[in-house]
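The values are calculated or read from the model by the stated rules, or taken from the named source; none is laboratory data. Keep in mind it's a predicted model, so treat the numbers as computed, not measured. Positions of Cβ are backbone-derived with ideal geometry, glycine not excepted, and every protein chain shown enters the neighbour counts.
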Amino acid sequence: ATPTALLAASGRGAQLGIFIKSHQALESARAIDTVVLDKTGTLTTGRMTVVDVRPAPGVDRATLLRHAGAVEDASEHVVARAVSDLARRELDELPAVADFTSLAGLGACGVVDGRAVLVGSARMLAECGVTVPDDLDEQRTRWEADGRTTVVVAVDDAVAGVLAVADAVKPSAARAVARLHRLGLRTALLTGDNEATARAVAAEVGIDDVLAEVLPADKAATIQELRERGRTVAMVGDGVNDAPALARADLGLAVVTGTDVALGAADLILVRDDLDVVPSAVSLARATLGTIR
Ligand code: ADP
Ligand code: MG
């Protein structure tokens with residue numbers, strides 16, 4: 001493309017809310033055949049709220065929220081924020097947590113009122129050797145089939161309850177995915193969340209493939225595997241957990257609600273919180289450089 005055409009593309013991109021970092025970014029946007037979307041905060045709003053609480057038999061709701069809330073109050077995770085916000089709303093005060101430990105992509109644990117509290121995914125609890133009783137596990141499975149993120153709480157190795165956390169899919173998501181498909185691209189959802197929840201969310205917006213239960217440290221390797229299988233991959237993320245994946249992709253697209261880390265790792269910066277800019281970026285690249293083949 002001529003310098004004039006590239007300048008025009010930058011101007012058009014800026015109008016659409018797309019900042020193009022380099023000529024190479026435009027070349028990559030033209031070449032991609034697969035678009036991987038991060039779930040939390042990219043496909044969804046990332047504003048999570050607890051929508052259901054089920055204490056185990058013999059455990060009262062206030063005690064469950066006291067233990068879970070105290071641990072989650074010390075965690076930075078968006079799921080943790082939802083849990084501690086609810087606990088703070090319902091209880092007068094939260095106790096302190098000792099020996100707090102965050103387990104990336106799984107949950108957190110600590111000591112509250114002298115008792116060992118685990119808060120996290122069913123996978124984390126299983127890895128800690130805690131078994132969820134059948135009735136609570138069935139409840140968890142139903143919530144996950146509905147696209148909820150679920151949180152299991154154990155106190156001294158006994159399950160004290162399960163919580164359902166919801167996060168709305170962005171209104172623009174389904175339309176953007178349909179446009180990507182019309183451009184001939186394959187779509188995938190990448191998340192640390194469990195498989196059933198990820199499948200429900202992917203189905204809701206029409207995404208082709210699901211890459212679930214991927215720990216934060218493994219997200220970049222997952223992108224690398226797709227590339228080794230011959231895909232030319234765009235990764236869309238917000239930088240929370242996924243900056244290395246953005247950097248590893250053929251094309252990294254950062255939604256600007258995200259972190260500075262995301263901005264550094266990306267090739268294209270999307271300044272509108274509207275997923276329509278993703279297919280628009282591909283269309284812009286093709287219009288500027290011509291379609292391959
Ligand atoms: P994502 O890929 O959606 O950004 P993460 O890799 O950060 O997710 O986390 C994966 C999953 O681990 C979450 O969906 C949640 O089930 C669980 N998890 C992580 N941290 C916490 C926490 N502090 N409390 C409860 N669950 C957590
Ligand atoms: Mg995210």
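Residues in the range 192-226 that are under 13 Å from Asn241 (Cβ atoms) and among the basic types (Lys, Arg): Lys219 only.
Between Ala196, Ala166, Ala154, which is farther than 30 Å from Ala29 by Cβ, touching a residue at least 12 places away in the same chain (Cβ under 8 Å) and surrounded by 23 or more Cβ atoms within 10 Å (Cβ to Cβ)?
Numbers: Ala196 fails: surrounded by 23 or more Cβ atoms within 10 Å (Cβ to Cβ); Ala166 fails: surrounded by 23 or more Cβ atoms within 10 Å (Cβ to Cβ).
Answer to the check: Ala154.
Residues in the range 162-198 that are more than 19 Å from Val119 (Cα to Cα), assigned to a helix (DSSP H, G or I) and in contact with a Lys or Arg (Cβ under 9 Å, 6 or more places away or on another chain): Ala176, Leu180, Ala198. The set of residues in the range 242-274 that are in contact with a strand residue (DSSP E or B) (Cβ under 8 Å, 6 or more places away or on another chain), part of a loop (DSSP other than H, G, I, E, B) and away from ligand 1 (no atom under 16 Å from the Cβ) comprises Asp250, Val256, Ala266, Asp267, Val271, Asp273. Taking into account only those residues within the range 15-52 that are surrounded by 15 or more Cβ atoms within 10 Å (Cβ to Cβ) and hydroxyl-bearing (Ser, Thr, Tyr), which is nearest to ligand 1 (Cβ to nearest atom)? It comes out as Thr40.
For the range 208-237, filtered to residues that are surrounded by 24 or more Cβ atoms within 10 Å (Cβ to Cβ) and under 14 Å from the mean Cα position of the chain (by Cα), the residue that is nearest to Val278 (Cα to Cα) is Val236. On inspection, Ala104 does not qualify as on the phi < 0 side of the Ramachandran plot and crowded, with 22+ Cβ neighbours inside 10 Å.
Here are some residues: Arg81, Arg54, Arg47, Arg61. Which one is within 16 Å of ligand 2 (Cβ to nearest atom), within 20 Å of Gly161 (Cβ to Cβ) and charged (D, E, K, R)? It would help to see each step written out before you state the result.
Details: Arg54 fails: within 16 Å of ligand 2 (Cβ to nearest atom); Arg47 fails: within 20 Å of Gly161 (Cβ to Cβ); Arg61 fails: within 16 Å of ligand 2 (Cβ to nearest atom).
Just one listed residue meets the conditions, Arg81.
Looking across the range 116-161, the residues that are more than 20 Å from Thr49 (Cα to Cα) and assigned to a loop (DSSP other than H, G, I, E, B) come down to Cys128, Gly129, Val130, Thr131, Val132, Pro133, Asp156, Asp157.
When residues in the range 199-241 are screened for being more than 16 Å from ligand 2 (Cβ to nearest atom) and either more than 24 Å from Arg175 (Cα to Cα) or assigned to a loop (DSSP other than H, G, I, E, B) (or both), 12 of them pass. Look at (1) touching a Leu at 6+ places or on another chain (Cβ under 8 Å); (2) of a type in the set (Asp, Glu); (3) within 26 Å of Gly239 (Cβ to Cβ) and you find that Glu127 fails only one, number (3). The criterion of at least 3 residues that are free of Cβ contacts under 8 Å to residues at least 24 places away in the same chain is met, among helices (runs of 4 or more DSSP H) falling completely within the range 1-81, by 3-16.
Determine whether Ala198 is under 23 Å from Arg54 (Cβ atoms), at pLDDT below 95 and within 21 Å of the chain's Cα centre (by Cα). It would help to see each step written out before you state the result.
Details: under 23 Å from Arg54 (Cβ atoms): yes; at pLDDT below 95: no; within 21 Å of the chain's Cα centre (by Cα): yes.
Here the answer is no, as Ala198 does not meet what is asked.
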